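A short write-up of the structure that comes next.
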Amino acid sequence: MSNEQTRYSRLAQITKLINTNLELREVLEHVVTAISEEIVRCDSVGIYLPQEDGTYRGFVGKPELINGMTLDMHVVDTAHDHLAKEVIETKQAIYIPDTSKDSRPDPRAVKGFGIKSLLVLPMDYEEELFGLVFLFDYGIPMNLTDSEIESIKAYVNMAAVAVRNSNDLTKKESLIADKQLLLNVTRDLSLCSSLKEVMDKSFKYLGEVLKNPNIGAHLLDPVAHRHINPTSLSKDSEWSEEAWKRTHRHLAVDFKKDLVFQEVLRTKKPIFIGDTLNDPRPNHEACRRFGIKGMYMIPMIAAGNVLGTIAIVNLKEKGHVYPKSAMQLAESIVDATAPVLSYLLYIEKQELIISERTSELTEKNRELQQVISEVKQIGREKELILNSAGEGIFGLDLTGKITFCNPSATKNLGYEEESELIGQPCHNILEGCRDEQTGMFSPKLQKEADQDRAEEYFFKKDRSRFPVEFVITPQIEKNETVGYVVTFKDITSRKQMEEKIKYHAYYDSVTNLPNRVLFQDRLHQALNYAESSGRSLGVLFLDVDRFKKINDTFGHTFGDRVLKKIADRLLHRLPKEATVSRQGGDEFIILVPNLENKTGVKDYAREVLCVFSDPFHINGQEVSVKTSIGISMFPENGTSSEQLIKYADVAMYKAKKLSGNQFQLYDPNLEDRSLGSVELENDLYKALQNDELTVVYQPKYDAMKSRMFGVEALLRWHRPQKGIMKPKDFIPLAEETGLIIPMGEWILKKACEQGKEWHNQGLDHLSVSVNLSPQQFNQEDLVANVKTILEETDLPAPCLELELTENLIIHNTEKTLRIIHDLKDLGVKISIDDFGTGYSSLGYLKDFPVDTLKIDKTFIDELPDNPNNAAITNTIITLGNSLKLNVLAEGVEKKEQLDYLTDNGCYLIQGYYFSRPLKAEDVIHQIYIR
């Protein structure tokens, strides 16, 4: 009884330690001590944690030294230790009382430590393995009892919980740190004014994330677009930028033949090569000269165009691998760099054009002065030259009166005849050029006046003004100035372009709202005012609920119009002192200054929710849109713009979890996005690549002929360590992330391959049906993809049936009708799934060439007792028979339902009454049973 009480006391103490802020090592040391005190016959206890290379390394244990080696020098490799491998795979503890009679333990360890008996336990919790625990002796065997092993398991379970908690905390801290770093990157890049500043900032953050300073950028030549130039190197690199570029020139690298660069440019995806020597794609001569052992190349993409690449090279050792989280963060940094770089390159190009045009204008003016001097006495030639010049030209005498002008000057200044200009004083056209004391023209006065003005303008006849570039050149004869020639160019179009560029730098092009840059500036000013005046302010972070569904259903142009309508309503509804900004995508931020308390910001939030209370009408289509709002306040939640935006974002995600269309004030106890949803998304991205998806088939029966006539292909996901997941648990996320398109193509091909295999076995009558998602259906190459898969699998087209939802086909009817006709031309059959659940007129059926109506399970569930469901079901059966369409009932689970359907003329049945979804190999067996 005393031992039991001591054990419970130890377990309670460890549980208490887990819930404190102790370091993981300290907690695990207490676990080791408890096991050592419990099992006194044990000579060694060690806890081993998993490493990135698949091995397990010692972390804590007793004794700290064995055979002169510290515990962290001990590595368990499952390639040699088959006992450890079995424990990992079965997640069951294994006790070997006599190691001389068992070959599973690592013989090297048994011999090296003189191990007589051995106990290995998995350190797992909720199906997840966190490490291994080893107990052994090297003298007298431990002779453990079942009760003692169970006691050890209890301690090990406590250790697993401690490691799990530590890992979760580390993940959360990493997610928050990554998000903050990206905010810092965006902020720093927005302040950069040159290409070099942008690249230096990007290299700095990439170097910190990947812990590697050897980073270089190559940009596409804007003229020879496929030619790549080495552009910039990190100042912390082991190479100097000058030596780096000089070596490129000496090597005369042909980037058109470099397979790595070309693959990145073509696929627009990053490439990681751990060992350049054993990969055929890199330029091995260049790798040798630069000392490159491994490389990681990321494309810089802006507006869908590749600007160039950023390469991070390993000069130390081959086979170095970066953590996946670090690589994802590095790619996000490059994604943030690309648009800023694109904008600066565009501005640089415009400045070059302006400089070239100014130089050309100056050169033309010089040439013109020479020509005027040479042909002064030849009036006809002078007039010919002036008339042919594209720029406006007029002459002035010493008093500033116009002596001549060309047609371009006459037209640009708004006069009909040149004679109207001759004799006019120059101050009617340009100001600040007349000396009031002498009454003479003075270019010096005009130049001083221009320095006081931000712009240079000429005045037209109607006194309207327009921006110009002009040059005043004195006419010299015998070393004396006898007059002046003014050459000018109307730059209205260029000024308009500059204003447009400036506008787009601070305003969103879709909604005309302030963008992220302008909002940050206004928020910074508001914070300064609020701090000096002792006032509060609020930040409201809005996310439009299920906006991706609108884009997928109606298209991005329609989605942009929805965003514009939302922006217009917000501006109309909210007071003028509030700043409404679009941050990108479906996110808006509202700055509310001069608040008294939280009640004021809540009132603003309710006003915003009212904006979304009425549906939007766009192109004759009614769309209901809701929003989730997160709120942060100064100074309660933060004093910087980054903090306020971040905390409002956190609160918004909490509001979204509360079913949406709500607002939530930030509270430090709020959790950021759930770790589970992030892990689900990460695992889903790897599902196809890791071959984790499978297909099952639910039979479809003809009750009249008493035989199976087809199957429906259904997707299942074997999620590692989570088991089988049904479509309802991951398909919505696949649709949100766009993964539904490759998944849909995969299941279509798998189903066709299986259908052909059944045909080869003599089941020619068996058809295969596959569901198409809205995103798949809207793909431009859908018909071509279906045709290719049919050709590759050699499945007859009539044996493939594609299922479309009713809500999918009632939108974009002209396009939908064309696609369905193209699919029918291939020979494929079309069915309408979930028929009767759509909010539409049934009139569209006469226009669509469909083959089958599938009655939704919701109408079958309560048959024959529910009269409403019975009426709807009978109507669908009658409608299908009248249009000579097949009618199939889904979800038939009871004999009463089957009898009712067959009595009313529906003989095609699918549901658990006949069969649950089956593996492919079980389908044939089911045919013969039925």
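The values are calculated or read from the model by the stated rules, or taken from the named source; none is laboratory data. This is a predicted model, so every value here is computed, not measured. Reconstructed Cβ throughout: ideal geometry from the backbone, glycine too, with neighbour counts over all protein chains shown.
Is it true that Gly880 is at pLDDT 90 or above, out of contact with any Cys (no Cβ under 6 Å at 6 or more places or on another chain) and among the small types (Gly, Ala, Ser)? No, not satisfied. Residues that are under 30 Å from Ile176 (Cα atoms), among the aromatic types (Phe, Trp, Tyr) and either buried (at least 18 other Cβ atoms within 10 Å of the Cβ) or in contact (Cβ under 8 Å) with a residue 40 or more places away in the chain (or both): does region 696-709 have at least one? No - not one qualifying residue is present in region 696-709.
Of all residues in region 906-922, those that are under 19 Å from Ile855 (Cβ atoms) have Cβ atoms under 6 Å from Cβ atoms of residues that are of a type in the set (Asp, Glu) and in a loop (DSSP other than H, G, I, E, B), 6 or more apart or on another chain, in Gln910/Glu890; Gly911/Glu893; Tyr912/Glu893; Tyr913/Glu893. In region 568-576 there is at least one residue matching the filter, namely being in contact with a Phe, Trp or Tyr (Cβ under 9 Å, 6 or more places away or on another chain), assigned to a loop (DSSP other than H, G, I, E, B) and farther than 23 Å from Lys548 by Cα. Of all residues in region 716-733, those being surrounded by 14 or more Cβ atoms within 10 Å (Cβ to Cβ) and closer than 15 Å to Asn690 by Cβ number 7. Here Thr553 clears all of (1) closer than 28 Å to Tyr343 by Cα; (2) surrounded by fewer than 19 Cβ atoms within 10 Å (Cβ to Cβ) except the condition numbered (1).
Condition check ((1) touching a residue at least 40 places away in the same chain (Cβ under 8 Å); (2) closer than 19 Å to Tyr697 by Cβ) across all residues:
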position	(1), (2)
Lys749	yes, yes
Ser769	yes, yes
Gln775	yes, no
Pro798	no, yes
Arg818	no, no
Ile832	no, no
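In the set Thr33, Thr15, which member is at negative phi, in a helix (DSSP H, G or I), of a type in the set (S, T, N, Q) and at pLDDT 80 or above? Answer to the check: Thr33.
Once region 849-882 is narrowed to residues that are touching a helix residue (DSSP H, G or I) at 6+ places or on another chain (Cβ under 6 Å), in contact (Cβ under 8 Å) with a residue 12 or more places away in the chain and not β-branched (Val, Ile, Thr), the residue that is farthest from Val770 (Cα to Cα) is Pro864.
Scanning region 550-604 for residues that are basic (Lys, Arg) and without any contact (Cβ under 8 Å) to a residue 24 or more places away in the chain turns up just one, Lys576.
Quick one: in region 635-667, which of the residues that are assigned to a loop (DSSP other than H, G, I, E, B) and of a type in the set (S, T, N, Q) is surrounded by the fewest Cβ atoms within 10 Å (Cβ to Cβ)? So, considering only residues that are assigned to a loop (DSSP other than H, G, I, E, B) and of a type in the set (S, T, N, Q), the one surrounded by the fewest Cβ atoms within 10 Å (Cβ to Cβ) is Ser659. The number of residues in region 50-84 being surrounded by fewer than 17 Cβ atoms within 10 Å (Cβ to Cβ) and aliphatic (A, V, I, L, M) comes to 5.
Taking Pro280, is it at pLDDT below 85 and not hydrophobic (A, V, I, L, M, F, W, C)? No: the conditions fail for Pro280. The residue that is nearest to Glu921 (Cα to Cα), counting only those in region 742-770 that are crowded, with 21+ Cβ neighbours inside 10 Å and within 27 Å of the chain's Cα centre (by Cα), is Leu748.
List every residue pair whose Cβ atoms lie under 7 Å apart, where the two residues are 6 or more positions apart in sequence or sit on different chains, the first residue falls within region 172-193 and is on the phi < 0 side of the Ramachandran plot and buried (at least 16 other Cβ atoms within 10 Å of the Cβ), and the second residue, located anywhere, is in a loop (DSSP other than H, G, I, E, B) and at pLDDT 75 or above. Close Cβ pairs (under 7 Å, with a partner that is in a loop (DSSP other than H, G, I, E, B) and at pLDDT 75 or above) do not exist here. When the residues of region 225-234 are filtered to those that are modelled with pLDDT under 80 and closer than 15 Å to Val253 by Cβ, the one that is surrounded by the fewest Cβ atoms within 10 Å (Cβ to Cβ) is Arg226. Return yes when Lys564 is out of contact with any Phe, Trp or Tyr (no Cβ under 6 Å at 6 or more places or on another chain), within 30 Å of Gln779 (Cα to Cα) and of a type in the set (D, E, K, R) and no when it is not. Considered against the rule, which asks whether it is out of contact with any Phe, Trp or Tyr (no Cβ under 6 Å at 6 or more places or on another chain), within 30 Å of Gln779 (Cα to Cα) and of a type in the set (D, E, K, R), Lys564 comes out as yes. The combined condition, being modelled with pLDDT of 85 or more and of a type in the set (Asp, Glu), is not fulfilled by Glu317. In this structure, is Glu241 more than 18 Å from Met327 (Cα to Cα), touching a strand residue (DSSP E or B) at 6+ places or on another chain (Cβ under 9 Å) and either among the hydroxyl-bearing types (Ser, Thr, Tyr) or in the same structural domain as Glu331 (by TED's automatic domain parsing) (or both)? Yes.
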